[in-house]
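Okay, structure first, notes after.
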Amino acid sequence: MNFKTVFIVFRKEMLEMLRDKRTIFTTFILPLILYPLLFVGFGSIMSRQEQVLEERGAQIALVDSVQTEVSQSIIESIGENKGFELIPYTKEAKTLLDEGELQAIVSITDSTNTSGLSVYKVRVSFDSSKERNLLVYNKIKDSVNQSKESNIASYLETKAIDPGIMELIQVEQVDTASSQKIVGSFLGMFLPYLMIMMLVAGAAMVAGDLVAGEKERHTLETLLVSSAGRNELVIGKYLTVITVAMVNVVVNLFSMSFSMQYLLGSAAELGDFTSIPIWGFLILLAAMIPLATFFAALLLSLSTFSRNIKEAGSYQQPVMIISMLLGMISFLPSVEINTLLSLVPVVNIALLFRAVLTNEFQWLHVFLTIGSTLILDVIAIWATIKLFNTESVLFRTEDDTSLKNVRKEKRNLFNSFNGTVIYAILLALLYYLGQYLQKGDLLNGLIQTQVLIILLPPLLILRIFKLKPREVCRIKAPKLKEVALVPYIAISASVIVILIMQVINMLFPFPEKYLEQMSSMFEMTDNIWIQLAVIALLPGICEEVLFRGFLIRFYEGYGKKAAVIISALLFAAFHLDPFRLLPTFLLGLLLGYLTLRSGGILNSMLSHFLNNAFALVISTFATSAWLEYIIKDSDTIQWWLIFPAAIIFVVSIVLFHKVTSTKGEEQWESSDT
């Protein structure tokens, strides 16, 4: 690779980007004026909230059912608030409250406690969805508390008791957090989210134009016949995307930091806050660069695959939505970065940002975050270069995906786009219809879900397009040697997966509600054979037909191994269970391997059945004496089982690999052809 040529391509692309006035305005100029306007305006609005409330006033309907000196003192205390207008309660008060004409309804009642004392109850009705009403309620609450203290003190004096007894126990708040931590905690909630979104938005705008735009303008061919090689062109465009994205982030940060200092300048308790230390900026910059390179490669890959800018935009939108959802984890104060989350892309950057801003980070998490993101960078860059060197992708023509054409040319059905659409529809059906079916009767709901949502749709599609289910889904009798090895593979894999679940539970304890839902599946009937049929047999048949028989066909154009990985990911996501995502993905890999290696789906059906059956047996008979050697505390299996399970699994997989059919071996080995 000639790096001089790479620099020439990079310079050429940058010059073209800078000639576009709209790019210059949105990337460099707009952030410099947008944040001052937003933050200064926001600060002014917040500072005027109290003043606006007093100017607008508040109408409060009042009903006093007691008519005593105490109740009158409460009313007087409320009425002392500037702008408050107390009006008598009428039948129309509730309607006026709903319509916003009233801000609150206050009713005063009393009762007698066991000591014979009159106890007053002040009930405040208001609409908390409106900020104005919430401020009114807080003022009423403060007024009632003042009246309460005054009346209690008067009562104690009549009983010749020193009112100072009310201060017998005092709570003094001592906040040890520095202004750096206070501001860091505040900024750490939304700043990582904004940074990630700015990075993706900036990279998407450039990446979509660099390749898909060149295709649309028919200028890509000119570049390809130049002296620059394909790899040099890719790296040059790649550096352009990174540069523009990082400049966009830096400009936004610069504008945001000055605007934020203006906003925080009025807070006296934050008066000693100056700025984030230089080492903090260096750590954040070191973490942002790998993330920028990852998004640059990912979005450039999508642009390379797209035929035009419009199609590139349709592919970029899901990336932005997923990045947005992952970045929003910084808004959850209870979620902190740890060893496992340091390996989750985007999430690790968002949580590391917050940890650095509050000066509560660990270097291990920094290195894991940067290292894991760099690994993804390498994979994404490799995929981009491979796509750019594939003629069928680079010069992809318009596909005729109409229903008429697909029925005429049945091979056109099995492509990744159709597979993803079908999967998305089934996932939506599972989420909406599946939950409805399982809400009342869980047993019948699970049966209906497996048959109607999972098994029936692929069979109907094959019927519509006049395809043979036995051929498409690879339904054929396996060899006896293969069947004999499957139980060893399935049970040992189940043990390993259960132990992985226990590790996940140690790192991220499962919520009690989640454990109750899982237990309810194994307790929906006392008949173990019905449970075995619903929990093990039905999923073993229906889910294997859908994923290893039907959906996997749509992704075999990328190679058999890639199809196994993609189908496993879809299989894991289909369970809608983040706690079981990794274990289910690993099982999906195993089931896909068994199918394609042997050339038939029955082996994966048997393995799926045995895996679910093993989990059912462990859950049902956990307290039985015959399981006491492998079950600990009635809910976990012994850790030492990992060693025999791993040995049995490896040996049985090796033997399965040897005894599988020649046809299946040829299918597997031809995965990259």
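The values are calculated or read from the model by the stated rules, or taken from the named source; none is laboratory data. Just so it is clear, the structure is predicted and the values come from calculations on it, not from any experiment. Here Cβ is always computed from backbone atoms with ideal geometry, including for glycine, and neighbour counts include all displayed protein chains. Surface areas here come from the heavy atoms of the whole protein model, side chains and all, with no ligands, DNA or RNA. Shrake-Rupley method; radii C 1.70, N 1.55, O 1.52, S 1.80 Å.
All conditions in (1) over 22 Å from Ile140 (Cβ atoms); (2) at pLDDT 85 or above; (3) not hydroxyl-bearing (Ser, Thr, Tyr) hold for Val66, with the sole exception of (1). The lone criterion from (1) of a type outside the set (Asp, Glu); (2) part of a helix (DSSP H, G or I); (3) open to solvent by less than 30 Å² (accessible area, probe 1.4 Å); (4) modelled with pLDDT of 80 or more left unmet by Ala61 is number (2).
Scanning segment 452-483 for residues that are within 29 Å of Ile642 (Cβ to Cβ) and open to solvent by 30 Å² or more (accessible area, probe 1.4 Å) turns up Pro478, Lys481, Val483.
Return the residue satisfying two criteria in turn: it lies in segment 2-18 and is touching a residue at least 60 places away in the same chain (Cβ under 8 Å) and within 39 Å of the chain's Cα centre (by Cα), and of such residues it is most open to solvent (accessible area, probe 1.4 Å).
That would be Phe7.
Just to be sure before I move on: is Val241 open to solvent by less than 10 Å² (accessible area, probe 1.4 Å), at pLDDT 80 or above and assigned to a helix (DSSP H, G or I) in the structure I sent? Judged against the criteria, Val241 is a match. Would you pick out the residues in segment 268-291 that are at pLDDT below 85, of a type outside the set (S, T, N, Q) and open to solvent by less than 70 Å² (accessible area, probe 1.4 Å)? Passing the criteria: Leu270, Gly271, Phe273, Ile276, Pro277, Gly280, Ile283, Leu284, Ala286, Ala287, Met288.
Out of Phe367, Phe295, report the one residue that is hydrophobic (A, V, I, L, M, F, W, C) and open to solvent by 40 Å² or more (accessible area, probe 1.4 Å). Walk me through how you get there before you give the answer.
Details: Phe295 fails: open to solvent by 40 Å² or more (accessible area, probe 1.4 Å).
Exactly one residue qualifies, and that residue is Phe367.
Where residues in segment 419-451 are of a type outside the set (A, V, I, L, M) and either buried (at least 18 other Cβ atoms within 10 Å of the Cβ) or in contact with a helix residue (DSSP H, G or I) (Cβ under 6 Å, 6 or more places away or on another chain) (or both), which of them is nearest to Leu569 (Cα to Cα)?
Narrowing segment 419-451 to residues of a type outside the set (A, V, I, L, M): 419-420, 423, 431-432, 434-436, 438-441, 444-445, 448-450.
Now narrow it down to the ones that are either buried (at least 18 other Cβ atoms within 10 Å of the Cβ) or in contact with a helix residue (DSSP H, G or I) (Cβ under 6 Å, 6 or more places away or on another chain) (or both): 419, 423, 434, 438, 445, 448-450.
Working: Gly419: 13, Tyr423: 12, Gly434: 20, Gln438: 24, Gly445: 25, Gln448: 24, Thr449: 20, Gln450: 19 Å.
Looking at the filtered set, the residue picked out is Tyr423.
The set of residues in segment 603-636 that are buried (at least 21 other Cβ atoms within 10 Å of the Cβ) and either aromatic (Phe, Trp, Tyr) or not in a helix (DSSP H, G or I) (or both) contains only Phe609. With respect to the conditions (1) within 44 Å of the chain's Cα centre (by Cα); (2) open to solvent by less than 70 Å² (accessible area, probe 1.4 Å), Phe84 falls short on a single one, namely (1).
A single member of Gly600, Gly588, Gly592 is assigned to a loop (DSSP other than H, G, I, E, B) and open to solvent by less than 30 Å² (accessible area, probe 1.4 Å), and it is Gly600.
For (1) more than 30 Å from Phe281 (Cα to Cα); (2) in contact with a strand residue (DSSP E or B) (Cβ under 9 Å, 6 or more places away or on another chain), each residue gets a yes or a no:
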position	(1), (2)
Ile75	yes, yes
Gly83	yes, yes
Thr90	yes, yes
Gln173	yes, no
Lys181	no, no
